[in-house]
Every structure is written in C-alpha cells, then in structure tokens.
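The block underneath contains the structure these notes are about, expressed in structure tokens.
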Amino acid sequence: MLKNLLGATVLAAAVVFVAYPTETPPEPAQAEDRALLQADVHVLKPGPQTDIITAYGQVQPRWQSRLAAGVGGRVVMVSDKLLTGAHFQRGDLLAQIEDISYRSALAAARSTLAEAERALLEEEQRSTLAADDWAASGLAGEASALTLREPHLIAAKSAVVAAQAAVAQAEHDLQQTRITAPFDGVVASRTLNPGEMVQAGAQIAEVFDRRVLEVAIALSARQFARLGTPIGAAVDLTASQGDVVQGNEVQGRVVQGRVVRVDPTVDADNRWITVVVELAPGADVMPGTFLTARIEGRSHAALYAIPQALLTTRGEIWALDEGNRLRSHAVVPVFVTEDTVFVAPPVGSEQSLRLAVPRSGYLNGAVVAPRILAEPRPDPALRAANALQEDVQ
C-alpha cells in the first residue's frame, strides 16, 4: 500500500513533526511508569540524502556483428577461435575459403594492367610523333585532336585506370577468402563448417565485442525526473547469479556502471524513457544477464530517513509529542528504497523526530513510556498483530 504514496515531493500537510528538548525529559514516577504502555522509540534527524532509483535491465554488448562470407567458395579451414564461446583478438584468422580461383583472377587482372600500361606508353609515343610531324609540315593553323591522336591517348589512359581497378577488385576478393576478426570479441554462434560451399553474403557466425557491455534501462517519466542530470550518474548493478557470502548475509554480486546515453524518444506504447548504462571495464557478467540497477539521482539537503519498520501497513507513523503522547500521521515520501522511506520536513522545522515502532494497542493521544533505541527493531509478530487490528478497524 505504501507504493501508492510514491511520487510526491513534500510531506503531507497533515503530518506534524514535533521537536523535543535535547535534554532528557524528567522521569515519571515508577508507579506511573508501570501503568503506561511502553513504546520502543527511534530518534530521527534530517540529513543530506541522495535519491536512488531502482530499475531493471539486461546486459548487452555495445557491438554485436553477424559475420558473413565476402566471397563464395569451399571452406578449407575453420579456426578453433570460431567455435561457440571462443575468444579472439582483432585481426585473428577465423576461417579460410579456397583461394585458387581468386589468385588466378588476380594474376589475369595484373596481366591486363601490364598490357594496358604498355599500350599507353605506345600511344603516348605516337601522340608525340604526330605533334612533331605536324610542326614539320609547315601547315598553317592548329592540328586537330584526331591528328594529334588525343582520343587514342585518352582511351589508352582509361584502359589503364580500368585495369588498375580490376586488380584492386581481384586483390580484395582474394583477401576476402581470409575471414578475420573485426574486433576483440567472443563467438556467440557459428554456422560454418570445414568442406562446405558458401555463397558470398552467407552468414557464418555471430560475434560480440566483449570490451564494452551496456544495460538499457527503461524508466517511467517520474523516475526519469528524479535523476536530475542523468548523464554520468553512478549506477550499482546487482546480478542474480554468482552470489557471494558477506558475513551472515548472502548478497548478489555488484558491478559498477554509469549512465552514458539517453534515448531521445519516448516509447509510444508505455511511455518509458530508456537510459543506457555502460558497465565498468572488466565487469564479469555475461550478455543476457538480468541486473537490478540502483541509479544515483537528485541530492536533497535534508530528509528524514524513515525505516519501513517504523511505518504501519497503512503507510502511517506513530510520532511522540512533547508530552509523550502518540500521534498518528500519514506520510508522503520524496522517494522510497527497498527498506527506507525518505520524507521532507516542513520548511524551517528541520528538527529531531521521535517515532514509535508500530504495535497493536496504540491510540491517538495515548501517553506512553518511551524506550529510546539505537536502531529500529522491527518485530514481525507485532507488525502482524498491528496489521490484523487495522484490518478489523
């Protein structure tokens, strides 16, 4: 029911935060103490807090490519580095296509180029002789382009250019018989086998760059607004696999990241805004892993951090006034984490707050004997009894 209160940025007007003297109030008489209901009380003081937005995403490589054969032919070699799950470095030879026909084509192209270059030299010589003959003839005027063999010279030069292009194409085709790695990566899948005939453009493997991993995280408009300036925001990402033991608690493995991009469009169906988180170099997670992201949002100068244990099932708190009387207040959080509700104090009233751990039997205005606790101590039995009483009411 608490989640229905999310999204507000100030404490509800009905909430009253009561300051109490820093000096310990006088102890009531022992007989009166025994008559009063005892309340476990936690003292809260407002302090600087940073909003934390919790969302979810899946790890994906920044670069993922489908390798395809550049030329057709019989596969004569497949490297172990092209096996599924294998790691490779940029430029590594992954597979080899039979290259005899492509070597032959290159030799023929080079022969054609040599012939075109010879023809060009001959035509340049003829053009020079034609110009000399015209000058020796003594004829008036200028010689025509045909007389000077200029069209022949242009054709010979064009033939050389075409032959050079054919050689470049043949060299490229020959190079394509060697299928090499485009980056440092990992093989996700492979369809190529030795001895097979492949066609140009046929997909042979799917690989991804292992150096840069990203997580695309969808946020609601309200969550996105809580980020403030999203680019560069720090992110803790918790993986569900590879749990480690710390003390007596089992916690998911945590990797670090930061927001590097924001999708410039809003999802038309559900109005999500996508932010992209880049994982820190060396993050030991696999593509496809689902992560829980805790994104650092806006900073607030003074908020009360109210543990969930101090909230009733109705999202209310039991506060003590100066006379140790119980007062129930509904709260409207600025933001909420898994176990804490962060609430803004009224402007100019940033004072200490005494909250009682919820239990059955509390009534508004009832005087209690407070027992100050260092930390909130939730009692599941009391919470259950309290919830039952509230449901009955």
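Using the Cβ-Cβ distance between residue 280 and residue 128 with R0 = 56 Å, the FRET efficiency computed as 1/(1 + (r/R0)^6) comes to roughly 0.20.
A cut-off of 5 Å between modelled amide H atoms, ignoring neighbours fewer than 5 places along the same chain, links residue 341 with 306, 308. Ranking 136, 162, 151 by how far each Cα lies toward the positive end of the dipole of region 112-173 (charges on Cβ) leaves 136 at the top.
A full extension of the chain between residue 114 and residue 363 corresponds to an added length of 79.2 nm, given 0.36 nm per residue minus the alpha carbon distance. Panel order for 122, 316, 214, by other beta carbons found within 10 Å of each beta carbon, from fewest to most: 122, 316, 214.
Taken about its Cα centre, region 112-173 carries a charge dipole of roughly 120 debye when the Cβ of each Lys and Arg holds +1 and the Cβ of each Asp and Glu holds -1.
Taking label points 7 Å from Cα along the Cα-to-Cβ direction, residue 352 and residue 143 give a separation of 11.1 nm. Over all distinct Cα-Cα pairs of region 112-173, the Kirkwood formula returns a hydrodynamic radius of 12.9 Å.
Report the equivalent ellipsoid semi-axes for region 35-145 in whole Å, largest first, defined as the square roots of five times the eigenvalues of the gyration tensor built from alpha carbon atoms.
Equivalent ellipsoid semi-axes, largest first: 81, 32, 9 Å.
With the highest mean first, a sort of the peptides 295-306, 274-285 on other beta-carbon atoms found within 10 angstrom per residue produces 295-306, 274-285.
Just so you know, all these numbers are worked out from the coordinates, no wet-lab data involved. None of the values given here were measured: they were computed from a predicted structure. Quick reminder, even Gly has a Cβ in these numbers, built from the backbone with ideal geometry, and neighbours come from all protein chains shown.
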